[in-house]
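**Q** Handing you this structure, nothing more for now.
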Amino acid sequence: LLLLCYTEEAAVIVSGLKNTDVFVGESATFTCELSYPGVKNVQWWLDGSPLHNNFVTEISEQDGMIHTLTLNDVACHDSGTVTFRAGSLISSAKLLVKGILLLE
């Protein structure tokens with residue numbers, strides 16, 4: 001009889017965050033996939049500030065392994081580094097919000 005125990009230490013990042021460029025007013029989505037579910041202490045950050053679920057920031061999880069952050073209606077000041085942390089695992093990517101130049 002072989003029992004497999006998946007511990008947090010065994011989990012790895014299968015697919016990390018990717019740099020994203022969007023225009024002002026659009027949504028930016030970041031996804032991080034872990035190898036095992038159940039990793040504790042999952043947190044998203046933007047330039048060192050923790051993010052929480054609200055009407056602008058959507059944080060979701062699928063099967064305990066696919067973690068998604070969507071920032072809605074982004075502004076120029078949202079540009080920065082997005083970081084996902086799950087236990088000791090960390091993935092980061094750049095968010096660049098581009099302004100729209102209106103020519104008259």
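**Q** Does Glu33 satisfy being of a type outside the set (Val, Ile, Thr) and part of a loop (DSSP other than H, G, I, E, B)? Write out each step before concluding.
**A** Details: of a type outside the set (Val, Ile, Thr): yes; part of a loop (DSSP other than H, G, I, E, B): no.
Answer is no for this residue.
**Q** So, one more: Name every residue in segment 73-104 that is in contact (Cβ under 8 Å) with a residue 40 or more places away in the chain and in a loop (DSSP other than H, G, I, E, B), in order of residue number.
**A** Those that are in contact (Cβ under 8 Å) with a residue 40 or more places away in the chain and in a loop (DSSP other than H, G, I, E, B): Asp73, Val74, Ala75, Gly87, Ser88, Gly99, Ile100.
**Q** I would also like to ask the following. Can you report the number of residues in segment 73-86 which are among the aliphatic types (A, V, I, L, M) and either open to solvent by 50 Å² or more (accessible area, probe 1.4 Å) or touching a Phe, Trp or Tyr at 6+ places or on another chain (Cβ under 8 Å) (or both)? Show your work before the answer.
**A** Applying the first criterion (among the aliphatic types (A, V, I, L, M)) to segment 73-86 yields 74-75, 82, 86.
Now restrict to residues that are either open to solvent by 50 Å² or more (accessible area, probe 1.4 Å) or touching a Phe, Trp or Tyr at 6+ places or on another chain (Cβ under 8 Å) (or both): 82.
Number satisfying all stated conditions: 1.
**Q** So Asn72 fits all but one of (1) at pLDDT below 95; (2) closer than 13 Å to Glu26 by Cβ; what number is the exception?
**A** (1)
**Q** Out of the residues in segment 25-46 that are at pLDDT 95 or above and in contact with a helix residue (DSSP H, G or I) (Cβ under 9 Å, 6 or more places away or on another chain), state the one that is most open to solvent (accessible area, probe 1.4 Å).
**A** Leu46
**Q** Filter segment 50-72 for residues that are surrounded by 12 or more Cβ atoms within 10 Å (Cβ to Cβ) and part of a loop (DSSP other than H, G, I, E, B) and give the result.
**A** Leu51, Val56, Gly64, Met65, Asn72
**Q** Further, regarding this structure: Can you pull out the residues in segment 87-104 that are open to solvent by less than 40 Å² (accessible area, probe 1.4 Å) and either farther than 17 Å from Lys18 by Cβ or basic (Lys, Arg) (or both)?
**A** Result: Gly87, single match.
The values are calculated or read from the model by the stated rules, or taken from the named source; none is laboratory data. What you see is a predicted model, and the numbers here were worked out from it, not measured in a lab. Note: ideal-geometry Cβ built from the backbone for every residue, glycine included; neighbour counts use all protein chains shown. Side chains are part of the model used for accessible areas, which takes the heavy atoms of the whole protein and leaves out ligands, DNA and RNA. Shrake-Rupley method; radii C 1.70, N 1.55, O 1.52, S 1.80 Å.
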